[in-house]
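The values are calculated or read from the model by the stated rules, or taken from the named source; none is laboratory data. Everything quoted here is computed from the prediction, not taken from an experiment. FYI the Cβ positions are ideal-geometry reconstructions off the backbone, even for glycines, and counts take in every protein chain you see.
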Amino acid sequence: MHQQPDGQSLRPGLVVAFVNPQTERLAVHRVIGRSGPRYLIKGDNALENDGFIKKEDILGYVWKIERDGRRISFGLGSERGIILFLSRFNLLHGIISLWRIFPFSARKMLLRSLEFLLLVTRDN
């Protein structure tokens with residue numbers, strides 16, 4: 001996590017750590033909008049947003065995630081714009097729910113196919 005970002009670097013699509021003023025708990029969610037000095041924050045898998053959060057309540061932004069010593073980059077790279085769009089309009093939750101219906105082997109095969117398509121698209 002980076003230090004407190006200035007107002008210029010904090011923008012929709014970034015994942016931030018903040019203290020939720022309603023619950024006074026630490027949360028890590030995505031910025032999905034802005035109104036003046038306040039930022040609309042929402043978890044990718046949440047149906048409701050966290051409301052507008054003041055810049056002072058944002059501790060920093062997330063630039064890297066590790067789980068069991070392995071780096072996880074999904075949602076922090078170039079795909080964050082797509083996730084931002086899907087999350088803002090409550091489409092991501094439905095996609096994740098449908099995704100969980102497929103057995104693990106089918107999900108793995110689908111991901112490999114998508115990775116192949118992305119590689120082919122980048123080369124052309």
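Just one of (1) of a type in the set (Gly, Ala, Ser); (2) out of contact with any helix residue (DSSP H, G or I) (no Cβ under 8 Å at 6 or more places or on another chain); (3) at pLDDT 90 or above fails for Gly33. It is (2). Within region 30-57, being of a type in the set (Gly, Ala, Ser), in contact (Cβ under 8 Å) with a residue 12 or more places away in the chain and surrounded by fewer than 13 Cβ atoms within 10 Å (Cβ to Cβ) holds for one residue alone: Ser35. Out of the residues in region 14-29 meeting the condition of being modelled with pLDDT of 85 or more and part of a loop (DSSP other than H, G, I, E, B), tell me which one is surrounded by the most Cβ atoms within 10 Å (Cβ to Cβ). Among those residues, the one meeting the criterion is Leu14.
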